[in-house]
Every structure is written in structure tokens, then in C-alpha cells.
């Protein structure tokens, strides 16, 4: 913290925003410097970056300043695209893990077509039939591919609920189980309009008024992605209030799955015992999931980690307006996104981890052709059973460390393919101490145990 210019831990909580802005600026400067050294200016070409360790399948990316063009791959394949604020939104069939794709522009407007039908508050997409009620809540969500209703009979989804939040202590940290006794539903819908409707996505804009606060939300449905995004802007001016979004889903199971660092945990979704009751609120980094045999629903987020799952109801905590130790906590403007992902199978078969990763680290693009010192993926895996956690120089500066973990809870034989040139490698522990002898250049295969963390050292 002392390395951050003009900051001190004693200067108050308001300085945290300045600290984060400084950190973000440093990262942006490093990224810009890297790209500047590799980019060749060409107004007709854009390079798309996928920073995730998973192959992007059917993802969309914004090409800034590219409106008025149609988009193609290098081999001439036409891409779905639609004009949006700031440029051209393009859908790319596949981008390598930790790799790039090249989009070629031609000076001709993209074909005007849509994959969606909107009739008042009723919407049809390639995946869903969606109906909204007069409060802006989802009154019906029908999965066309799997012929089933996603929401529980007679229930509504994306219900914004506000609870009185007065814990006995630790105002900014604790949530007491009795908070549920006083609840209001935000149903004062102020607007409902179609913001975008094209070949890539449909954007519905809604707004609500609650006491002294407002909530604006873009509900985004995609033509080639099952995910439903809720991009939210809130201007909050309440005290001791807890805001949640609730989704009562038509799933019968006895537990929920919650994403945590290096894996996931299961929690009971019932309160049959005092032990279960004590777990009424659970942390989840990127998603919480309810799945039965053959089908499930995941609730994803990009920055909100508090969840509660009771019976068939998935809920996420969005805003907590405590007054101690910071009397202004959560006052003012907020921007966050959560998403609903109905899927086949469990969260692994439904690619929940991959979708959550896409939500948190979306693809981005730069104008021009970028030539990287590797082809394909910087680090590639032949199976999607592991997630890459770090690629870094070791603390002593001698090697490149590549760390990954299994998130499936299974045993899998894996082939690791570095895209960078290397001479030899070995495994190491979490303190980056080599374990065993270095092996010469060749195929890297490793059997990864359930939730095992593996770190490889590469001499380059």
C-alpha cells in the first residue's frame, strides 16, 4: 500500500477508490505498451484477445469505431454483427484459449436481420420464450431446446428484494438470519423499452424507483449464447438496507454448488439441522448453481459474492448499506452484472465455469494486426477439466511458473502445450521450489487429481 503515491491507510476509506484507479492505470499502461510493440496499424483489421484459459465459443466482442462495416474471418467467413453504441458488435465462432483471432472489415453495412421477436413484454430468442410482468420481473422463462420451464410454477424471476439489515454487531460484515423477516419487493417499474435488437443480441432496458434510490438494468439475451445478462446501474441512497435478486427455479435437489478459489464447495439447500441453518448465507466467487440429474441453473456474477440458496430459490446479494465503520458505505452509484445460465447436465456439463470466466474477463479488441511471438494459445490444455490460475515469473526470476487446478472433482490425464519456447521443465510446490529433476523439451503430460493445484516451472 505504501508504494501507491499519496496514499495512506490512515487517510480514510474514500482513498480506496483512488488506490484502485492507480492500480488499474498501471495495468492498462503495461497492456498498452505490450500491444504497441506488436501492433501493425491497419484500419481494415481488428485483433481480438481471449485472456481466458478456455476456448471462447460463440462469444461476442465490441470493435470500437467499426460501425458501418461488415465483418469476416481471415478465410472469408462472414460473421454475425450488429451496430451498437461505440462501434460494431461481432460474434466470433471460436477464439483460442489465451490467444487471438483476426477480424477483417469490409466497407459495407452489415445485413439488417434479427434473431429475436418482441411483442410487448413477450420475447422469443433462439433459446427461450421470455415474458415480463408489469413490475419488470420475469413471469415466464421457457427453455425451447430442452422443452422445460426454468422458473418454478407461479413464481417470478429477477425479483429485486430489499430487506431491513440491522445485525447485532459488525455492521458492514455480518448478516443475521432474522433479516428475512422484513422484506419489500421493488416493483415500481418506470420504463421498459427495446434498446437493441439485431443478429447478435437483444437488449431490453428497464428502470425502477425505490424510496430515494433508482435502479436501471439492461437485460441482454444472445443469439448464440444461453446466458442471460443483467447489466445493472444503481444509484443508492438508503441506510441499513440489503438488496438481493431472487430466482425461484424449477430444480429439485438437496444441495447447491458454490464457486471458490481453486474449486467449488457444496452446501445444503435446506435447513433440516441447526448446522444447515447456520449456513444460510454462502460465499461464491463467480457462480452459485442448483442442478438435478440432467438439468440445472447457475447464477453468475462479476463482482458480488454473497448468496443464499434455500430449497429451489437462488438469490444473490447486490448492495448492503451499513453505516459502521463507514457511514457512507454503498451510497451513490454502483455498476455490476449478474447473469442466469440454464443448462443441461450439472455445472460441469453446462460449462458454467467457462461462462462465468467469460463474464468476468470478456474478450477485447484493438484496431490493427497484432503479431504475437507464439501461435495458437500461450498455454493450452487438451481437456477443459482444469483452469489456468497464473502465468508469471518466479520470485527469483529464473523461470516461468504456470499454475492450474482441476475444478471438476475428477481424475484426468492432461496434456499441457506451452505456446512459448522453452528448454526444460519440472514441477514445483506452491513456494516455487522444484520437485524432482528437470525434463527436456517434449510432451508434457500429467494426471491431475480432484481439485489438485499443479505448478510447473519452465526454463526459457
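The values are calculated or read from the model by the stated rules, or taken from the named source; none is laboratory data. Treat the numbers as computed from the prediction; the structure is a model and nothing was measured. Cβ placement follows ideal geometry from the backbone for every residue including glycine, while neighbour counts extend to all protein chains displayed.
Taking only region 44-64 into account, find how many residues are farther than 14 Å from residue 89 by Cα and assigned to a strand (DSSP E or B). So that I can check it myself, show each step before the final result.
Within region 44-64, the first condition is being farther than 14 Å from residue 89 by Cα, and the residues that meet it are 44-45, 49-57.
Now narrow it down to the ones that are assigned to a strand (DSSP E or B): 45, 49-50, 56-57.
Here the count works out to 5.
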> How do the strands (runs of 3 or more DSSP E) wholly within region 152-251 filter down when requiring 2 or more residues that are over 16 Å from residue 130 (Cα atoms) and touching a helix residue (DSSP H, G or I) at 6+ places or on another chain (Cβ under 8 Å): which remain?
Replying inline: 159-164
> Mind checking whether some residue in region 343-351 is surrounded by 21 or more Cβ atoms within 10 Å (Cβ to Cβ), at pLDDT below 95 and either part of a strand (DSSP E or B) or touching a strand residue (DSSP E or B) at 6+ places or on another chain (Cβ under 9 Å) (or both)?
Replying inline: no
>> Filter region 71-94 down to the residues that are under 29 Å from residue 192 (Cα atoms) and not in a strand (DSSP E or B) and list them by number.
In response: 80, 85, 86
> Of the residues 110, 67, 115, 97, which single one is under 20 Å from residue 203 (Cα atoms), under 24 Å from the mean Cα position of the chain (by Cα) and either modelled with pLDDT of 95 or more or outside any strand (DSSP E or B) (or both)?
Replying inline: 115
> Looking at 413, 393, 439, which one is without any contact (Cβ under 8 Å) to a residue 12 or more places away in the chain, outside the structural domain of residue 45 (by TED's automatic domain parsing), surrounded by fewer than 16 Cβ atoms within 10 Å (Cβ to Cβ) and over 24 Å from residue 299 (Cβ atoms)?
Replying inline: 393
> In the list 88, 105, 160, which residue meets the criterion of being touching a residue at least 40 places away in the same chain (Cβ under 8 Å), outside the structural domain of residue 354 (by TED's automatic domain parsing) and surrounded by 21 or more Cβ atoms within 10 Å (Cβ to Cβ)?
Replying inline: 105
